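Written out below as structure tokens is the structure these notes cover.
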Amino acid sequence: MSWDPRLANTFRLCPAMTSFTLGKPTYAYRNAYPAGALVGIQPGSGDAVPLAGRSVSYRPVPGAAPAAQAVTDATGRFTGGDYVDVR
């Protein structure tokens, strides 16, 4: 059996957001901020693999423009900028 180059790109991770929260404002820090984790699910085994260095777009409310960006760290976790003036 020889290697088939057509099969080189058939293994793909399915992205999933395993957690998404809004940071709770405190008396000392009054702004909320989005935080979560982005992973890739391996086909077959279903194992979760952290997706490092990926951009995550988010909006304070649906349809709001422009979308803000956050980048995942080595563990796939991200923390976005503060939600300000959202009531």
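The values are calculated or read from the model by the stated rules, or taken from the named source; none is laboratory data. Everything numeric in this text was worked out from a predicted model, so none of it was measured. Note that each Cβ is placed from the backbone with ideal geometry, even for glycine, and that neighbours are counted across all protein chains shown. For the accessible areas, the whole protein counts, side chains as well, though only heavy atoms, and no ligand, DNA or RNA atoms are used. Shrake-Rupley method; radii C 1.70, N 1.55, O 1.52, S 1.80 Å.
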**OP:** Hey, can you find the accessible area per residue of region 13-87 for me, probe 1.4 Å, expressed in square angstrom?
**Re:** 67 Å²
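Once you keep just the Cα pairs under 8 angstrom separated by 6 or more residues, what percentage relative contact order results for region 40-87?
30 percent
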Original post:
Quick one: how many Å² of D47 are accessible to a 1.4 Å probe, rounded to 10?
Top reply: 80 Å²
Original post:
Given labels modelled 7 Å from the Cα in the Cβ direction, how far is it in nm from V49 to V71?
Top reply: 2.1 nm
